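Take a look at the structure below.
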Amino acid sequence: MNTNTNLKFNIVTPKKMFYSDYVKQVSFTDNFGDVVILNHHAPLIGKIERCIVEVLDYNNECHSFIVDEGAFVVANCELNFLVGFCIENKAEEWEKLNDERNKTIDILNKKNSNNWEFKFDKMLVKKIVELEKKK
């Protein structure tokens, strides 16, 4: 494999280079719809909303990531994602996120247990989440 002619894909977050490898294809959704980037794609710059990114590497293995808002740039056989955060789209990662979320809610509940506005806001958020799940 001549790495100079293959698509290099990087996911960069403020904390670290999350992923970097030569790949066959990268699929994701931007503001205008579904995007598939292959080797020798025309130069392109775009905005990323929170989405799932599917990557097919040269071993024909699929990798899935969840990325936050950011930007992407395609140029010279290289695709760079500059995003706020990234996690692997795996059940273990979802469990970690839910644990962190629950810990945060517990801390906020303890600190704001007497605050009526906070309780009302929390109730609204729960109702919105329930409605989103039903969709």
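Worth pointing out:
- Only listed residue being surrounded by 13 or more Cβ atoms within 10 Å (Cβ to Cβ) and not hydrophobic (A, V, I, L, M, F, W, C), chosen from 5, 13: 13
- The range 55-64, residues that are open to solvent by 80 Å² or more (accessible area, probe 1.4 Å) and within 16 Å of the chain's Cα centre (by Cα): 62
- Within the range 65-78, considering residues that are over 9 Å from the mean Cα position of the chain (by Cα) and free of Cβ contacts under 8 Å to residues at least 60 places away in the same chain, the one nearest to residue 13 (Cα to Cα): 70
- For the range 87-108, the criterion of being loosely packed, with under 15 Cβ neighbours inside 10 Å, outside any loop (DSSP other than H, G, I, E, B) and at pLDDT 85 or above is met by at least one residue.
- Residues of the range 29-52 that turn out to be crowded, with 16+ Cβ neighbours inside 10 Å, in a strand (DSSP E or B) and either more than 12 Å from the chain's Cα centre (by Cα) or at pLDDT 95 or above (or both), as a count: 2
- Taken over the range 20-44, the criterion of being within 16 Å of residue 82 (Cβ to Cβ) and β-branched (Val, Ile, Thr) is satisfied by 26, 35, 37.
The values are calculated or read from the model by the stated rules, or taken from the named source; none is laboratory data. Everything numeric in this text was worked out from a predicted model, so none of it was measured. Cβ atoms come from the backbone with ideal geometry, glycine included; neighbour counts cover every protein chain shown. To get the accessible areas, we keep the full protein, side chains included, count just its heavy atoms, and leave off ligands, DNA and RNA. Shrake-Rupley method; radii C 1.70, N 1.55, O 1.52, S 1.80 Å.
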